[in-house]
Amino acid sequence: MSDQIESLFGAIVQHGPANDRIYLMKLGDADPEKLVEALGALARRHNYSKIFTKVPEGSAAPFFDAGYRQEAAIPRFFCGKESALFLCLYPNPARAKEPQADALDAILVQAQQRRNAGLRKPLPDGAVLRTCEEADAANMAAIYRAVFPSYPFPIHDPAYLIETMRSHIAYFGIELDGKLIALASSEMDEAQGNVEMTDFATHPDRLGLGLAAHLLAAMEPAMRKRGIQTAYTIARAASPGMNITFARLGYAFGGRLINNTQISGTIESMNIWHKPLAPH
């Protein structure tokens, strides 16, 4: 069961037991001071162990005043100008502890050593990289089910993939021998000029081909054509492959979100990576 998304004073909030948290996805027109109070009340009502917010830097003061701390930031996130701050509060202090921090730091060092190294391998012979269409939804959902037993959003559901395809997400795939073997998505906020590069999945039979990097390299110019100015991702901190992929293609590390997201049945820490797509 995925967490629910709802409006709170005009802000967009995701919350539920799957991630055991509240995620303030968009501040919108909400009054930050009222929202801070409402988020706290919601966390107490459901006994959530983390509140995770993404807010414009200019709206952050009420959150800091309420005890939130910054875990990451993305410069020029809003319309290529204002930074986004990822601020967190831990109603349950145990969730803020990260026993595996040294191992995650080592993965980050590996990734940063490969910064700007570029693509590692060519696409396999006969492979075709293309945008996905509604007719692909069932095959896409099957790949996501094979790769992720559980996920923060219902990407296992073809209807969800079609719905988001029609609204704000561009999906990209690599096809080999007539079958999709790898996927990724660009979740766009065109009004604010940013895009999350996410939902990377390679069929378990096709790992090790460097397909995620090829998808990412194709997604960036497609987003530039739409006027998107800043790209980012929230990658599993424990995944050397995805962190290295983003570093290779010139993304900068923006911080770590501790014990943030439930993927495949466990709560994991996530790394923020970001990259400008337009000159400043």
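Observations on the structure shown:
- Out of Ala38, Ala103, sole residue that is in contact (Cβ under 8 Å) with a residue 60 or more places away in the chain and of a type outside the set (D, E, K, R): Ala103
- Looking at segment 138-211, the strands (runs of 3 or more DSSP E) lying wholly inside it that each contain 1 or more residues that are of a type in the set (Phe, Trp, Tyr) and under 18 Å from the mean Cα position of the chain (by Cα) sit at 169-176, 194-202.
- Any chance Arg130 is closer than 25 Å to Ala212 by Cα, outside any strand (DSSP E or B) and not β-branched (Val, Ile, Thr): no
- Residue tally, condition without any contact (Cβ under 8 Å) to a residue 12 or more places away in the chain and not charged (D, E, K, R), over segment 114-159: 3
- Lys97 falls short of the stated requirement of being under 21 Å from the mean Cα position of the chain (by Cα) and either surrounded by fewer than 17 Cβ atoms within 10 Å (Cβ to Cβ) or not assigned by TED's automatic domain parsing to the domain that holds Arg236 (or both).
- Residue within segment 11-23 that is charged (D, E, K, R) and buried (at least 17 other Cβ atoms within 10 Å of the Cβ) present: yes
- Residues of segment 169-196 that are in contact with a Phe, Trp or Tyr (Cβ under 8 Å, 6 or more places away or on another chain) and either surrounded by fewer than 19 Cβ atoms within 10 Å (Cβ to Cβ) or over 22 Å from Ala135 (Cα atoms) (or both): Gln192, Gly193, Asn194, Val195, Glu196.
Every residue, every condition in (1) modelled with pLDDT of 95 or more; (2) crowded, with 19+ Cβ neighbours inside 10 Å; (3) among the hydroxyl-bearing types (Ser, Thr, Tyr); (4) assigned by TED's automatic domain parsing to the domain that holds Phe86, yes or no:
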{"position": "Pro204", "(1), (2), (3), (4)": "no, no, no, no"}
{"position": "Gly208", "(1), (2), (3), (4)": "no, no, no, no"}
{"position": "Pro221", "(1), (2), (3), (4)": "yes, no, no, no"}
{"position": "Arg224", "(1), (2), (3), (4)": "yes, no, no, no"}
{"position": "Ile228", "(1), (2), (3), (4)": "yes, yes, no, no"}
{"position": "Asn259", "(1), (2), (3), (4)": "yes, yes, no, no"}
{"position": "Asn271", "(1), (2), (3), (4)": "yes, yes, no, no"}
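- Test result for Leu216, surrounded by 24 or more Cβ atoms within 10 Å (Cβ to Cβ), touching a Ser or Thr at 6+ places or on another chain (Cβ under 9 Å), farther than 18 Å from Gly118 by Cβ and of a type outside the set (Phe, Trp, Tyr): no
- Qualifying residue in segment 89-97 (condition: among the basic types (Lys, Arg), closer than 28 Å to Ala18 by Cα and part of a loop (DSSP other than H, G, I, E, B)): yes
- Of all residues making up segment 40-86, the number that are of a type in the set (A, V, I, L, M) and over 22 Å from Pro17 (Cβ atoms): 9
- Criterion applied to Thr198, Thr266 was being touching a residue at least 12 places away in the same chain (Cβ under 8 Å) and out of contact with any Lys or Arg (no Cβ under 8 Å at 6 or more places or on another chain), and the one residue passing it is Thr198.
- Residue in segment 227-241 that is over 23 Å from Asp105 (Cα atoms) and either part of a helix (DSSP H, G or I) or in contact with a Ser or Thr (Cβ under 6 Å, 6 or more places away or on another chain) (or both) present: no
The values are calculated or read from the model by the stated rules, or taken from the named source; none is laboratory data. Keep in mind the model is a prediction, meaning the values are calculated, not measured. Heads up, the Cβs are rebuilt from the backbone with ideal geometry, glycines too, and the neighbour counts pull from every protein chain shown.
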